[in-house]
Each structure stands twice: as C-alpha cells, then as structure tokens.
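Below you'll find the structure, written out as structure tokens, and then a few comments.
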Amino acid sequence: MKLNIERLQENLKIQCHECHGLCCVALYFSKIDGFPEDKLAGNPCNHLLDNNQCHIYNSLKEMKMKGCMIYDCFGAGQIVSQKLPSWRSSENAMVIFGVFQKVVQLQQMLSYLIDAYHIHPNFQLEQLILENLKVRENVLNNSTVDLDKYHQKVSQRLKEICQQYTHDLSMRIMIGEDFRGKDCCNYVFLGTDLRDAKVENADLSQSLFLTQIQLNGCHGNRYTKIPKNLLRPRTWEK
Ligand code: SF4
C-alpha cells in the first residue's frame, strides 16, 4: 500500500459535524477537569442535543468548560461514525465506545509517527504507519488486536527519536510553564503536560510531537507560530 501522508494528516483533524457526538458520551468526565458534570463513560452529557451538536458550544469559554475546549480525539470520532452505526440506535453502544477509545489511541500514535516521518522519513516508520492502519481496520471490524504490543513498538521508536534532541521535554509536567517569545523549534513535547503553559509569541512551528490537545491547553496569541498540521485554538487572543 502506498502512503498518502497528507491525507492521513488531514484525517487527524476533528470534524465534529461528521461524528455521532462520541466524545460527549463515551468518555468519563469530572467537573474538576473542566467538564460540565461528573459522569460515567457511556452516559451522554446533558448538553448533547439529539442531532449530536453541543447545546452550549458557543458559550464553552464563558462557562469555563476547559475540558470540552481542550479535548481532541485526533479524528477518531468521524472515523468510527463513518464505519459503525450511531450509539443511539445500537444495542451494543458500549462496544462502539470501546472501539472509539481504541481508535483515539491509534490516531494519537499515528499523529506522532507522521510528525517523526516528516523529519526522519524511513522504512521503519513507514511500516509502523501502515501497521497502524491495519490495526485500526481490525479494531473497527471488532477483530482481536494486540494494541499493547503495537503501542510498545511505537513507543520504542519514538523514544529513540526523542534522544536525538537536546530539549527533550517528553512526559514532563510543565503546567503553567513560561515559553513566551521562545524559539521552541528544537523542543520535543511527547506527552508533556502543557496545561496553561504560556506560549504567546513563541515559535512552536517545528516543535516535535506537539498535539492539538496540548496546544488547546496553552495560552497563545496570534503571534504564536504553530505547526502547519495543527489548528490555532479558537480561544486564543485574536
Ligand atoms: S458541554 Fe458540549 S462539548 Fe462538552 S461534553 Fe457536553 S455536549 Fe460535549
């Protein structure tokens, strides 16, 4: 199979209008994390409308629903919704939610692999990307997959890449950290907790393994340079 990286990258962007509102139902929420209520996985949020739109979408910022504003499923919602029936009409809604959570993990790994591939294109990464698509297909078909094994392989490869960088902030807790005005092009942000980090005027355009969720949780402005494949958070200063 020939890799179409641009297309895969495009599919990592969320298209909420093509999703059955999966993140607002399938996930466990707590109020303390900036969600509207404490709820169990599998229960729809009270603000989710019958058409799968959020009733308070335009007021999330004013209502301080940080959790909702930050969350990003890496495009898993639309992928699952295209393939499987809506949880509303399904007798196996919990199966659909389980599939969704696995596809989120796979899409997150895919996002890292594509980032790495842009910088170090090689056969090994190409094989891991192809394997990701195969595993995802099996998950969507509800076939048995060894997600942990695949995850370990990807982690190992990503770790090796991170070691080549001098500013490796992988898995570090950097809540509220000040990156204002910094050139972060050589920084690795694999799994870094960047909640409330200040990135006004910073250059993140070449930062490695930065995800949309991390970016959504930072405080940036219109001068913050962001990677081409990510979207400027709508809550940032215009
Ligand atoms: S408030 Fe809106 S975005 Fe947040 S979980 Fe509920 S329906 Fe989803």
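Only the coordinates and a few stated rules stand behind these numbers; no lab work does. Values in this document were obtained by computation on a predicted structure and should not be read as measured data. In this analysis, Cβ positions are derived from the backbone assuming ideal geometry, glycine residues included, and neighbour counts consider all displayed protein chains.
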query: Cα centroid distance between the stretch 188-225 and the stretch 103-179, in Å?
result: 18 Å
- line: Binned at 5 Å starting from 0, the alpha-carbon pair-distance distribution of the stretch 185-230 in whole percents comes out as 6, 25, 37, 29, 4
query: Which of 22, 125, 12 moves most in a GNM of the chain, Cα contacts under 10 Å?
result: 125
statement: With bins of 5 Å, the percent of all Cα-Cα pairs of the stretch 15-159 per bin from 0 is 2, 9, 18, 19, 17, 14, 11, 7, 3, 0
task: Can you tell me the order of 32-41, 67-76 when each peptide is scored by its average per-residue count of other Cβ atoms within 10 angstrom, highest first?
output: 67-76, 32-41
- request: Take the Cβ-Cβ distance between residue 205 and residue 175 as r, set R0 to 25 Å, and report the resulting FRET efficiency rounded to the nearest 0.05.
  value: 0.65
message: Rounded to the nearest 20 debye, what is the charge dipole size of the stretch 165-238 about its Cα centre when +1 sits on each Lys and Arg Cβ and -1 on each Asp and Glu Cβ?
response: 340 debye
query: Looking at the stretch 51-80, which trypsin sites (Lys or Arg not before Pro) are in a loop (DSSP not H, G, I, E or B) and have at most 15 other Cβ atoms within 10 Å?
result: 61, 64
query: Counting only DSSP beta bridges with both residues in the chain, what percent are antiparallel, rounded to the nearest 5?
result: 20 percent
statement: Among the DSSP H helices of the chain, those whose Cα atoms extend at least 15 Å along the helix axis and whose mean Kyte-Doolittle hydropathy is 0.5 or higher are 93-119
task: Treating only the Cβ atoms of Lys and Arg (+1) and Asp and Glu (-1) as charged, compute the dipole magnitude of the chain about its Cα centre; round to the nearest 20 debye.
output: 260 debye
- line: Phi-derived 3J(HN,Hα) across the stretch 43-56 with the Karplus relation (6.51, -1.76, 1.60, θ = phi - 60°), rounded Hz, x for Gly and Pro, is 9, x, 4, 4, 8, 7, 7, 4, 8, 6, 8, 8, 5, 10
task: Specify the residue with the greatest mean-square fluctuation among 43, 142, 51, computed from a Gaussian network of the chain linking alpha-carbon atoms under 10 Å apart.
output: 51
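Using a Förster distance of 41 Å, how high is the FRET efficiency between residue 221 and residue 144, based on the Cβ-Cβ distance and rounded to 0.05? Mind showing how you got there, number by number?
Numbers: r = 47 Å, r/R0 = 1.15.
The formula returns an efficiency of 0.30 here.
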statement: Listed by chain and number, the residues whose amide H is under 5 Å from that of residue 203, excluding neighbours fewer than 5 places away on the same chain and using placed H, are 182, 183, 184, 225
